[in-house]
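Trainee: My questions will all concern the structure given below.
Readers should treat all values here as calculations from the given coordinates under stated rules, not as data from a laboratory. Owing to the predicted nature of the structure, the values given are computational and were not obtained by experimental measurement. Neighbour counts are summed over all protein chains in view; Cβ atoms, including those assigned to glycine, are modelled from backbone coordinates with ideal geometry.
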Amino acid sequence: MWVFNSLFGKLFDGIFFFFLNMSPWVSMIVVSLLTGMLMLSIFRLTSNQEGIKKAKNKIKAHILELRLFQDNLGISLRSQGKILTTNLKYLSHTAKPMLIMIVPLVLVLIQLNFRFAYLPFQTGQHALVKVILKPDLNPSETAVELTPLSAGIVVETPGIRIDEEREIDWRIRITGEGRHEFAIESGGEKVIKRIDAGGKSLRTLSPIKVGAGFLDQLFYPAEKPMASTLPFQSVTITYPDRKMNLFGWKMHWIIAYFFLSMVFGFGLKGVFKVDF
């Protein structure tokens, strides 16, 4: 799974490479355009276009029939029934491509989240490092240490243990820009977590490092997973949230992404000769 995640992530690194120093809106427009084109291509290849066109034409005909004979109860009821059954047939034609599109769309959303959802730390900012132990371990009975491996990180508090959550927290301060690392150690074993400060804001930021489980790797592919022998379930760092700013109106990135992708999808459906 990590090999796939690494290669897929490099693909997005290549796309974003040209926009790292630009406004997030530039890259948002580009990835939304590419998404719209990808979804249209998938829809065209996997859908019954002829069946969709016939179903839509029948629905229009029955709606027209309903308007023309609205004073005739029998014809109106029959038209409504035909509209319902034709709608179900239309949905059956669109269900297959929609289900197929979910897979690449989820993979794309996961990659975009690590680029649009967070901001890199700035010098002087604080961050919370959270370690979750595996279910059979108690924080109060487990020796765990956080050790900076870079000069740009200072640990300001000892580990605070929350037994009910199997959680240990530290507060750290960022003292310099760059890609820094720290180690979480327990029983002679350790995991190394990276943290990014300053620099280009659209690079991949990894707020959490997880184990080697399939779903963990699927949803958190930004860093190589931890070995299964480690006593840690996850290591998290609280990056600042990013909001897309449109003339003073701040929104979550996924709102902008879906809106622009839909605009491009509808705008280009004629070019791709897709009916839906």
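Trainee: Which one of HIS93, LEU38, VAL106 is farthest out on the positive end of the charge dipole of the chain, using unit charges on Cβ (Lys, Arg +1; Asp, Glu -1) and the Cα centre as origin?
Mentor: HIS93
Trainee: Quote the relative contact order of the stretch 126-237 in percent (integer), defining contacts as alpha-carbon pairs under 8 Å separated by 6+ residues.
Mentor: Values: 231 pairs, mean separation 32.5, N = 112.
RCO, the stretch 126-237: 29 percent.
Trainee: OK, next. Sequence-distant or interchain residues sharing an amide H contact under 5 Å with GLN125, placed H: which?
Mentor: ILE174
Trainee: Going by how many other beta carbons lie within 10 Å of each one, how would you line up GLU223, GLU185, fewest first? Kindly include the intermediate steps, with their values, before the conclusion.
Mentor: Details: GLU223 22, GLU185 14.
Ranking GLU223, GLU185 by Cβ neighbours within 10 Å, fewest first, gives GLU185, GLU223.
Trainee: May I ask which of LYS96/LYS224; LYS56/LYS269; LYS58/LYS89; LYS10/LYS224; LYS10/LYS190; LYS96/LYS269 have a Cα-Cα span longer than 22 Å here? Provide the component values of the computation, followed by the final result.
Mentor: Working: LYS96/LYS224 34 Å; LYS56/LYS269 16 Å; LYS58/LYS89 11 Å; LYS10/LYS224 13 Å; LYS10/LYS190 26 Å; LYS96/LYS269 18 Å.
As for pairs spanning more than 22 Å Cα to Cα, those are LYS96/LYS224; LYS10/LYS190.
Trainee: Summing +1 for each Lys or Arg and -1 for each Asp or Glu, what net charge is found among the other residues whose Cβ lies under 11 Å from the Cβ of ASP169? Present the calculation step by step, with values, prior to reporting the outcome.
Mentor: Values: positive: LYS130, ARG161, ARG171; negative: GLU165, GLU167.
Around ASP169, the charge tally is +1.
Trainee: Continuing with this model, one more query. Separation of the stretch 152-177 and the stretch 107-130 by C-alpha centroid, Å?
Mentor: Between the Cα centre of the stretch 152-177 and that of the stretch 107-130, the gap is 17 Å.
Trainee: Follow-up. Gap in Å between the Cα centre of the stretch 213-276 and the Cα centre of the stretch 1-53?
Mentor: Spelled out, the Cα-based centre of one part sits 11 Å from the other.
Trainee: Using +1 at the Cβ of each Lys and Arg and -1 at the Cβ of each Asp and Glu in the stretch 110-171, identify which of ILE160, PRO120, PRO139 lies farthest towards the dipole's positive end.
Mentor: Final value for the positive-end residue is PRO120.
Trainee: Provide the three semi-axes, in whole Å and in decreasing order, of the ellipsoid equivalent to the stretch 126-237 as defined by the square roots of 5 times the Cα gyration tensor eigenvalues. Kindly include the intermediate steps, with their values, before the conclusion.
Mentor: Numbers: eigenvalues 99, 65, 25 Å².
Calculated on Cα positions only, the semi-axes equal 22, 18, 11 Å.
Trainee: Turning to a different aspect of this structure: Considering the chain as a Gaussian network with a 10 Å cut-off on Cα pairs, which listed residue, LEU40, LEU91, LEU64, attains the greatest mean-square fluctuation?
Mentor: Taking springs between Cα atoms under 10 Å, the residue moving most is LEU64.
Trainee: Give me the dipole magnitude in Debye, nearest 20, for the stretch 88-210 about the Cα centre, with unit charges on the beta carbon: positive for Lys and Arg, negative for Asp and Glu. Working shown, then result.
Mentor: On the way: 16 positive and 14 negative charges, 180 e Å.
Roughly 860 debye, rounded to the nearest 20.
Trainee: Which value, in debye to the nearest 20, gives the size of the charge dipole of the chain about its Cα centre, when Lys and Arg are +1 and Asp and Glu are -1 at the Cβ? Mind dumping the intermediate values first?
Mentor: Details: 32 positive and 22 negative charges, 366 e Å.
Charge dipole of the chain: 1760 debye, to the nearest 20.
Trainee: Pairs of Cα atoms under 8 Å, at least six residues apart: use those to get the relative contact order of the chain, whole percent. Please report the intermediate quantities before stating the final value.
Mentor: Numbers: 437 pairs, mean separation 70.6, N = 276.
That works out to 26 percent.
Trainee: Which whole-Hz ³J(HN,Hα) couplings does the stretch 223-230 yield from phi under the Karplus relation 6.51 cos²θ - 1.76 cosθ + 1.60, θ = phi - 60°, glycine and proline marked x?
Mentor: Per-residue couplings from phi come out as 10, 4, x, 6, 5, 5, 7, 6 Hz.
Trainee: So, one more: What 222 nm value per residue comes from the helices of the chain, counting each DSSP H run with n ≥ 4 as -39,500 (n - 2.57) and dividing by all residues, nearest 500 deg cm²/dmol?
Mentor: Values: 6 runs with 125 residues, N = 276.
The helix-only estimate for the chain comes to -15500 deg cm²/dmol at 222 nm.
Trainee: Apply the Karplus parameterisation 6.51 cos²θ - 1.76 cosθ + 1.60, with θ equal to phi minus 60°, to every residue of the stretch 7-23 and state each ³J(HN,Hα) to the nearest whole Hz, in sequence, with x for glycine and proline.
Mentor: Once rounded to whole Hz, the list reads 5, 5, x, 5, 4, 6, 4, x, 5, 7, 3, 7, 10, 4, 9, 9, 4.
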